[in-house]
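One structure is given below, encoded as structure tokens.
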Amino acid sequence: RESSGISYYYSPTTYRGAVNIPAIVVYRGKTYQVVGIGNNTFNNCYDVTSISISSSVAYIGHNAFYGCSGLKTITIPKYVTRIGDGTFVNCVNLTSIIIPEGVREISKQLFKGCSSLSSITLPEKLERIDNDAFNDCQNLKNITLPSGVKRIGIAAFKNCKKLASIRLPEGLEEI
């Protein structure tokens, strides 16, 4: 889409190590702004170890980094407002992450199977944690839920074996 930019797609077999998602790409002689990372873009890119995302990116699609078992670090820009379902499923080497302030929902299965995840910073304006969001995050030790969280989905913290306690926000309406 020339007017608002394009989604960025990679071939899972060609990327290894550190990956940088640029702000612009040139395709067939035309320059486009990168505004999103498409669904399944890096699905099962086992050898990707770190990802840096340009500040032009506003959304990350469903399962974008699904099964990136080598992924250890990712920098998500502050302008991202939406992260799709299952984006980080089975990123078993991801240890910590900061979710940008514009994100209002931790989507379904967002961090499912991220067994090394031990630290996460959630945005203050977060409203919802969906089903299975942190399922099998076995090293997650503590998490601070922002006061605006109104809903926590089914099995959101299932099998988080090291999670000792969660302080529930006063305004919580559904769990």
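The values are calculated or read from the model by the stated rules, or taken from the named source; none is laboratory data. Just so it is clear, the model here is predicted, and its values are computed rather than measured. Neighbour counts run over all protein chains shown; Cβ positions are idealised from the backbone, glycine included.
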(request) Look through the stretch 4-51, keep the residues that are charged (D, E, K, R) and at pLDDT 90 or above, and return whichever of them is nearest to S69 (Cα to Cα). (result) D47
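Residues checked against (1) of a type in the set (D, E, K, R); (2) in contact with a strand residue (DSSP E or B) (Cβ under 6 Å, 6 or more places away or on another chain):
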| residue | (1), (2) |
| --- | --- |
| A133 | no, yes |
| K150 | yes, no |
| A156 | no, yes |
| S165 | no, no |
(message) Restricting to the stretch 75-121, and then to whatever is aromatic (F, W, Y) and surrounded by 18 or more Cβ atoms within 10 Å (Cβ to Cβ), can you tell me which residue is farthest from K161 (Cα to Cα)?
(response) F88
(request) Determine, yes or no, whether Q109 is within 12 Å of the chain's Cα centre (by Cα) and of a type in the set (S, T, N, Q). (result) yes
(request) Inspect all residues belonging to the stretch 128-149 and state whether any of them is surrounded by fewer than 17 Cβ atoms within 10 Å (Cβ to Cβ) and among the aliphatic types (A, V, I, L, M). (result) yes
